[in-house]
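Q: I am attaching a structure below and will ask some questions about it afterwards.
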Amino acid sequence: MAEGNQTIMEKAEARFVDKQKKTAEKNKATAEYMSEARAREIKTARLRELRLAKEEADRVAEALNPTPKKKRVTKKVTEAKT
């Protein structure tokens, strides 16, 4: 009987160790995911700031040097000889 209890305890211990390993792996994966998400947010914010700065510089350059508007070309209608 004592031997049967020993195997039950060993199986329970093995299951407990497996659960601990899985929990540790899950926590590690979650930490990696959160780290990658944070890095992506930082990169996106940096790129957005760069884009907005470029757009503002383009607006300022356009205000200082406006491009001349193109003149419309009108077609003259010639009278057909009858």
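Taken together, the values in this text are just the output of simple stated rules run on the coordinates, not laboratory data. All values reported here derive from a predicted model rather than from experimental measurement. Because the Cβ atoms are built from the backbone with ideal geometry, glycine has one as well, and the counts that use them run over all protein chains shown.
Q: What pairs come up if the first residue lies in segment 2-13 and is exposed (fewer than 10 other Cβ atoms within 10 Å of the Cβ), the second is not aromatic (Phe, Trp, Tyr), and their beta carbons are under 6 Å apart, counting only those six or more places apart or on different chains?
A: Listed pairs, sorted by first residue: none to list.
Q: Looking at segment 66-79, can you tell me whether even one residue there is of a type outside the set (Gly, Ala, Ser) and in a helix (DSSP H, G or I)? Don't jump to the end; show me each part of the working.
A: We begin by selecting, within segment 66-79, every residue of a type outside the set (Gly, Ala, Ser); these are 66-79.
Right, trim to in a helix (DSSP H, G or I) and you get none.
So far as segment 66-79 goes, no, none of its residues is of a type outside the set (Gly, Ala, Ser) and in a helix (DSSP H, G or I).
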